[in-house]
Amino acid sequence: MVSEEELRASVERMEARLAALADPSLIEPRPIYDELALRFERDLGASRRDVALAKSAALMVLQALASAREMKPVISRAEAGAEYYTDEGCDILELSNSADDPHASIARARVAPGVTTRWHQLRATTERYVMLEGCGRVEVGELPPQLVEAGHVVIIPPLCRQRIANVGETDLVFLAICTPRYRQNNYQAL
């Protein structure tokens, strides 16, 4: 376990890095951190360790904001031949899933007529289906099954069971947009 002194030293180093940033886009978040730090002191002051942990978490969020602003523009194109079949029961073409963009991934999913994907959920990841072609029946969490087609958007929070069936006569095609980006180790078959 990290000692209280080590935690405070870590927070001091993180605060110093924040103060040294010359990024003008972080000028607005700095007062937010300062306000949070005051609240942490006031509300958690009895426990110095809790104050240090709370400050550390807030500083990590600011560091994530700073790293997101360091992204470089990219234009890419997925190769159609890179599509692969999954044990879940659908074909996937990764359009964007890179450590260079850790905040989101985009895949095109294709489900053949008559196929229902396996029940599954994603840990620590929100997924959105953006329906493009075909007709499906989606089951998410405790919601009743619902028919979906082009134009529908399905939002699936982390740890929410899900599956989709192609109830049409042509392929069911949709984008699967994950935040943060999809990682195989967050996939859980049910």
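Among the trypsin sites (Lys or Arg not before Pro) within the stretch 77-110, those in coil by DSSP and having at most 13 neighbouring Cβ atoms inside 10 Å are ARG77.
For the chain, the residue among VAL61, ILE177, GLY114 whose Cα projects farthest onto the positive side of the dipole built from Cβ charges is VAL61. Measuring gaps between exposed loop sites in the chain (GluC sites (Glu not before Pro); DSSP loop; at most 11 other Cβ atoms within 10 Å), the longest gap, sites not included, is 1-69.
With runs of 4+ DSSP H residues as the only contributors, calculate the mean residue ellipticity of the chain at 222 nm using -39,500 (n - 2.57) per run, divided by the residue total and rounded to the nearest 500.
Values: 3 runs with 55 residues, N = 190.
Per the formula, -10000 deg cm²/dmol.
Taking the fewest neighbouring Cβ atoms within 10 Å as the starting point, the ordered list for VAL51, VAL130 is VAL130, VAL51. With the simple model of a label 7 Å out from the Cα in the direction of the Cβ, ARG118 to ALA104 spans 2.9 nm.
Please rank PHE174, PHE40, fewest neighbouring Cβ atoms within 10 Å first, as an exposure proxy. Working shown, then result.
On the way: PHE174 27, PHE40 18.
In increasing order of surrounding Cβ atoms, one gets PHE40, PHE174.
Rounded to the nearest 20 debye, the dipole size of the stretch 127-190 about its Cα centre is 360 debye, using +1 on the Cβ of Lys and Arg and -1 on the Cβ of Asp and Glu.
Given the C-alpha atoms of the stretch 82-166, compute the convex hull and give its volume per residue in Å³. List each step's numbers first, then the result.
Working: hull volume 8.6 nm³, N = 85.
So the per-residue Cα hull volume is 101 Å³.
For the chain, the spread of Cα coordinates along the three principal axes comes to 62, 38, 29 Å, biggest extent given first.
Residue order for MET14, MET71, fewest other beta carbons within 10 angstrom first, comes to MET71, MET14.
Throughout, read-outs are computed from the coordinates displayed, never taken from laboratory work. Since we're looking at a predicted model, the values are computed, not measured. Counting neighbours? That spans all protein chains shown, and the Cβs are built from the backbone with ideal geometry, glycine included.
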